[in-house]
Amino acid sequence: MSAGERAKAKAEQVVGKTVRKAAHAVHKETLAAKGAALEARGMMRGAKERSKGSFKH
């Protein structure tokens, strides 16, 4: 797993979670959904990188 892709995945997860929680706090459901989507994309990117790593070994 490349360190750059792994860092990008983790950053997307953190930013998505932060956006989602902040949006919920101010009752902006559309922005909360976008944050959740960003968080999910980060999780999927991480899963993809982990699966690529398992095939290489």
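Treating the angle as unsigned and between 0 and 90°, give the value, to the nearest 10°, between the Cα long axis of helix 29-56 and the longest Cα principal axis of the chain. Result, in degrees: 10.
Per residue, the accessible area of the chain comes to 73 Å², computed with a 1.4 Å probe over protein heavy atoms only. Computed from the C-beta positions of Leu31 and Ala7 and an R0 of 30 Å, the FRET efficiency is 0.75 to the nearest 0.05. For the chain, the fraction of 1.4 Å probe accessible surface lying on carbon and sulfur atoms is 63 percent.
Each listed q (0.25 Å⁻¹) maps to a log10 I(q)/I(0) for the chain from the Debye sum over equal C-alpha point scatterers, namely -0.83.
The values are calculated or read from the model by the stated rules, or taken from the named source; none is laboratory data. Everything numeric here is computed off the predicted structure, so don't read it as measured data. Cβ atoms come from the backbone with ideal geometry, glycine included; neighbour counts cover every protein chain shown. With ligands, DNA and RNA removed, areas are computed over all heavy atoms of the protein, side chains included. Shrake-Rupley method; radii C 1.70, N 1.55, O 1.52, S 1.80 Å.
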